[in-house]
Amino acid sequence: MSYYKILGFDKEPFSTSPDPSFFYESREHERALTNLMIELRLKRGLSVILGDVGTGKTTLSRKLYQLIQSQDAFICHMILDPVYNDEEIFLTSLVRNFEVEPNNFGPAILNLKEALEKFLYQKGVEQNQTVVLIIDEAQKLNEVSLECLRVLLNYETNEFKLLQLVLLGQMELHSKIINIPNFIDRISFKYTLNPLDVEEVRRMIEFRIRQAGYQSNIQLFLDRAIKEIHRNTGGYPRRINMLCHKLLKQLVMKNQFVVDEALVKEVVEEELRQGLHWVRQPSVVA
């Protein structure tokens, strides 16, 4: 039997997979998501979400995608690993995933661009739909792909952009796009995700265990344990999930009922002995 069944869960509460149903809307994530939806509805064009590894960008992208897919007025495609060797491969990927039929006569790149422009005009103007492209791990985009996106952002009417582009990436993405002429000034909304504070760590943990089916009135994570979790993870959601997963396994193995401060310290020390340095970030203050 899985540990989460023993503890009274219906499913694993601290999986690191980006399941939208386990998306905890912290103040940071709620603000980012709300602003993104406003930008998309207004068809403003380019939005950029930045954040360090583990701040929840991928889960945010899945939640955004889920919200968009639930609305008929949107057409959305998501790119998870935007590594393309050249412009033609990138454009071919977009054409294929948006199910666009390019002209087979003449230069391939020109045909692909013309097909995309025609598609965007038909959907955006004639059918009054919003075409959205979400790119996760956008720091992997090379200069050729970024230039290609810049050109696609040029497609517009007098009132709105025909393509709504959302880039989510690590902080290095900003240093890439800031040096591209006529790209950085196209950003309509830019936001940087920061780690959670202690209270939000508490709320995130509570949200995830309840979402996983925990119904007991017993406080599973004691207050001092939560403070210790925050101190050792820096408030990064991915690190919190990794540590809490290990804590629950230890809870079962030790036949304990609650996660206390001592258990957190014990698990963290074991992680450090094994050379796993995702805990105890030097910049974190208790």
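The values are calculated or read from the model by the stated rules, or taken from the named source; none is laboratory data. Here the structure is a predicted model, which means the values were calculated and not measured. Neighbour counts run over all protein chains shown; Cβ positions are idealised from the backbone, glycine included.
A few remarks follow.
- Selected residue (only one of Val252, Val258, Val201 is crowded, with 20+ Cβ neighbours inside 10 Å and hydrophobic (A, V, I, L, M, F, W, C)): Val201
- Between Lys161, Lys176, the distinction of being basic (Lys, Arg), under 30 Å from Arg238 (Cα atoms) and assigned by TED's automatic domain parsing to the domain that holds Asp81 belongs to Lys176 only.
- Counted residues, the range 1-38 - those being over 19 Å from Leu220 (Cβ atoms), assigned to a helix (DSSP H, G or I) and not hydrophobic (A, V, I, L, M, F, W, C): 9
- Top-ranked residue of the range 119-140 - restricted to ones that are assigned to a helix (DSSP H, G or I) and among the hydrophobic types (A, V, I, L, M, F, W, C), ranked as surrounded by the most Cβ atoms within 10 Å (Cβ to Cβ): Ala138
- Of all residues in the range 141-187, those that are part of a helix (DSSP H, G or I), surrounded by 19 or more Cβ atoms within 10 Å (Cβ to Cβ) and either aromatic (Phe, Trp, Tyr) or touching a residue at least 60 places away in the same chain (Cβ under 8 Å) (or both) total 4.
- Selection from the range 61-93 of residues that are assigned to a helix (DSSP H, G or I), in contact (Cβ under 8 Å) with a residue 12 or more places away in the chain and within 19 Å of Leu40 (Cα to Cα): Ser61, Arg62, Lys63, Leu64, Tyr65, Gln66, Leu67, Ile68
- Members of the range 190-218 that are of a type in the set (Val, Ile, Thr), under 29 Å from His174 (Cβ atoms) and over 21 Å from the mean Cα position of the chain (by Cα): Val198
- Any hit, the range 109-130, residues being touching a strand residue (DSSP E or B) at 6+ places or on another chain (Cβ under 9 Å), within 16 Å of Ala73 (Cβ to Cβ) and in contact (Cβ under 8 Å) with a residue 60 or more places away in the chain: yes
- The residues of the range 80-118 that are more than 24 Å from Lys140 (Cβ to Cβ), under 28 Å from the mean Cα position of the chain (by Cα) and surrounded by 12 or more Cβ atoms within 10 Å (Cβ to Cβ) amount to a single one, Glu117.
- Qualifying residue in the range 211-223 (condition: surrounded by fewer than 17 Cβ atoms within 10 Å (Cβ to Cβ), at pLDDT 95 or above, of a type in the set (S, T, N, Q) and not in a helix (DSSP H, G or I)): no
- Residue that is farthest from Lys176 (Cα to Cα) [pool: residues in the range 35-84 that are charged (D, E, K, R) and touching a Pro at 6+ places or on another chain (Cβ under 6 Å)]: Lys63
- Taking the range 188-198 as the range and being under 20 Å from Thr34 (Cα atoms) and either surrounded by 17 or more Cβ atoms within 10 Å (Cβ to Cβ) or not β-branched (Val, Ile, Thr) (or both) as the test, the residues that pass are Ser188, Phe189, Lys190, Tyr191, Leu193, Asn194, Pro195, Leu196.
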